Amino acid sequence: MACNNEKDKPTTTEAAKPAVDLPYTATYSSSWSQDVSDADLKTVLMTYKDWSDGNISGLSGAMGDTVVVDMSNGDHLTKSNADLMKMWTTFRDSLSSVKIEMAGWQKMYSTDKKDSYIVTWYDETDTYKDGRVDSASYHDINQMKNGKITWYAQFKRPKK
């Protein structure tokens, strides 16, 4: 018997599978990889730790000079780093504690747009200084450029 590898080669129909007929075309990108650095991932995850710990200077160091923020309440802001930290400091100072339970994250790199993102899913419990407690599940998108967060979008589902 001679060695016959013909069965290992794809047939013509296997090699020429038609593209899936999808009902939508992505307006931004549908070409993604996970080619985002672990350093960028750590930077993003540290912002959650810094927020939880009340370390606003650490949070500031992870943000770009100007940051576009899409808040969970629908507000769209473009703020300097200093103005954003002032806003976040005021809110964080109203809290006695923040507990974050990170459910997961995904590194996403748009191969056609050349943009890096870290997407996170987590639960956060905020305890206010007046004793109120607020908890919600969040989904955030963090865009990274040159090791800094330049766009941040947050989506919130309150817990009942």
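General observations
- Within the stretch 97-122, tally of residues that are of a type in the set (Val, Ile, Thr) and under 12 Å from the mean Cα position of the chain (by Cα): 3
- Options Ser80, Ser60: the member that is surrounded by fewer than 15 Cβ atoms within 10 Å (Cβ to Cβ) and over 22 Å from Arg132 (Cα atoms): Ser80
- The criterion of being basic (Lys, Arg) and closer than 16 Å to Trp51 by Cα does not hold for Lys160.
- Test for Asp126: is it touching a Lys or Arg at 6+ places or on another chain (Cβ under 9 Å), without any contact (Cβ under 8 Å) to a residue 12 or more places away in the chain and either farther than 21 Å from Leu41 by Cα or of a type in the set (Gly, Ala, Ser) (or both): no
- The listed residues are Val67, Val98, Val133, and the only one of them that is surrounded by 15 or more Cβ atoms within 10 Å (Cβ to Cβ), closer than 30 Å to Lys160 by Cβ and in contact with a strand residue (DSSP E or B) (Cβ under 7 Å, 6 or more places away or on another chain) turns out to be Val98.
Where a number appears in this text, it was derived from the coordinates with a stated rule and is not lab data. Predicted model, so just to flag it, every value in this text is computed and none were measured. When we count neighbours, we look across all protein chains shown, and the Cβ atoms used for this are built from the backbone with ideal geometry, even at glycine.
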